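The values are calculated or read from the model by the stated rules, or taken from the named source; none is laboratory data. Keep in mind the model is a prediction, meaning the values are calculated, not measured. Note: ideal-geometry Cβ built from the backbone for every residue, glycine included; neighbour counts use all protein chains shown.
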Amino acid sequence: MGTGSSKEDSSSQLQPSEKPSQNESQNFAIAAKPADNTRETQVREAKEAELKLPHMYEAIVKDADSPIDKSSVDKLYDQLYYGVFLNQKSKRYWVEKKSGCNSFMLFSRALLITWAEDNRFWIWTPVKESSDDIMDVAELVQVCWLEIHARLDTTKLSPGISYEVLFVIMLKDPAYGWEVPVSLRLLLPNGTKQEHKENLIVKPRNQWIEIPVGGFKSTPENAGEMEISMYEYEGGKWKRGLVVKGVIIRPKKLE
């Protein structure tokens, strides 16, 4: 009896020590599953982020002058970072690498310039772009009525981003008639107007310079066509020496 009782006691004493060991291994397996799932989620999210395409890029590149290579994400982004010419080189679209946001250059051929097709007042001059492409710029012969407008659909800009708008110009010697400052105006789709004057007579000569027009945030309230303008026709002076490359719309740089 004593021996049998001893065996039962030993068996009953062994069971508790074996069961926790089995439960622990099960718990480890269960605990490992969320970790595995987390790793899988991270990998999947990383791939999804890599495949996320720029805002409205497909609609924008429909106007591209050259075919877009979409055979891989890397090749696509290489082209978009470099820039894509649109509408017979009148515009350039690119994605800013740092921010991943859409940017545009509206070259002078895309602008509305009063008397631009009359070579008594303006001439078109080919110049080399920074990308080594040849572009036409509008060079002022002489006018007393300066009026330049550009337009862009703001829905093509990355949502929620603060943008700046600038004219890119050059003053070539002999430049004269700029004693009266030019007016710069940004008219947003919601009716908001930003306007100021810029004194070109003090600007550097014979180099491309950027003239700020204004800034805004790309929001649903500002969805639609905006207008960018440079003009001066109240002073009545004949002007010469202005070269207009175009208008840049790009994400505002953080200070």
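Looking only at segment 138-167, count how many residues are touching a Gly at 6+ places or on another chain (Cβ under 8 Å) and aliphatic (A, V, I, L, M).
So the answer is 3.
I'd like the full set of residues that are touching a Lys or Arg at 6+ places or on another chain (Cβ under 9 Å), free of Cβ contacts under 8 Å to residues at least 60 places away in the same chain and surrounded by 13 or more Cβ atoms within 10 Å (Cβ to Cβ), limited to segment 172-195.
V180, P181, V182, S183, L184, R185, L186, L187, Q194
Identify, please: which residue in segment 211-255 is surrounded by fewer than 13 Cβ atoms within 10 Å (Cβ to Cβ) and within 14 Å of V182 (Cα to Cα) and is, among those, modelled with the highest pLDDT?
Among those that are surrounded by fewer than 13 Cβ atoms within 10 Å (Cβ to Cβ) and within 14 Å of V182 (Cα to Cα), it is W238.
Rundown of residues vs (1) under 14 Å from I148 (Cα atoms); (2) assigned to a strand (DSSP E or B), yes/no style:
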site	(1), (2)
E210	no, yes
V213	yes, yes
F216	no, yes
E221	no, no
M230	yes, yes
K237	no, no
L242	yes, yes
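Any residue at all in segment 193-210 that is touching a helix residue (DSSP H, G or I) at 6+ places or on another chain (Cβ under 9 Å) and of a type outside the set (G, A, S)?
Checking segment 193-210: not a single residue is touching a helix residue (DSSP H, G or I) at 6+ places or on another chain (Cβ under 9 Å) and of a type outside the set (G, A, S).
Do we find a residue being in contact (Cβ under 8 Å) with a residue 60 or more places away in the chain, part of a strand (DSSP E or B), crowded, with 19+ Cβ neighbours inside 10 Å and in contact with an Asp or Glu (Cβ under 6 Å, 6 or more places away or on another chain) anywhere in segment 133-141?
Scanning segment 133-141, I find at least one residue that is in contact (Cβ under 8 Å) with a residue 60 or more places away in the chain, part of a strand (DSSP E or B), crowded, with 19+ Cβ neighbours inside 10 Å and in contact with an Asp or Glu (Cβ under 6 Å, 6 or more places away or on another chain), so the answer is yes.
Before we move on, is K128 of a type in the set (K, R), more than 17 Å from I249 (Cβ to Cβ) and more than 20 Å from the chain's Cα centre (by Cα)? I'd like the intermediate steps shown before the answer.
Numbers: of a type in the set (K, R): yes; more than 17 Å from I249 (Cβ to Cβ): yes; more than 20 Å from the chain's Cα centre (by Cα): yes.
So K128 fits the description; yes.
If you go through segment 197-210 one residue at a time, how many are touching a Lys or Arg at 6+ places or on another chain (Cβ under 8 Å) and either at negative phi or aromatic (F, W, Y) (or both)?
The number of residues fulfilling the criteria is 3.
Going by the conditions given, is P126 at pLDDT 85 or above, of a type outside the set (A, V, I, L, M) and in a strand (DSSP E or B)?
yes
Are any of the residues in segment 153-164 of a type in the set (A, V, I, L, M, F, W, C), outside any loop (DSSP other than H, G, I, E, B), touching a residue at least 40 places away in the same chain (Cβ under 8 Å) and surrounded by 15 or more Cβ atoms within 10 Å (Cβ to Cβ)?
No, every residue in segment 153-164 fails to be of a type in the set (A, V, I, L, M, F, W, C), outside any loop (DSSP other than H, G, I, E, B), touching a residue at least 40 places away in the same chain (Cβ under 8 Å) and surrounded by 15 or more Cβ atoms within 10 Å (Cβ to Cβ).
Pick from P54, P34: which is modelled with pLDDT of 70 or more and either over 30 Å from M135 (Cβ atoms) or surrounded by 12 or more Cβ atoms within 10 Å (Cβ to Cβ) (or both)?
Answer to the selection: P54.
Just give me the residues in segment 81-109 being touching a helix residue (DSSP H, G or I) at 6+ places or on another chain (Cβ under 7 Å) and farther than 24 Å from I123 by Cα, in sequence order.
Those that are touching a helix residue (DSSP H, G or I) at 6+ places or on another chain (Cβ under 7 Å) and farther than 24 Å from I123 by Cα: V84, Y93, W94, V95, K97, N102.
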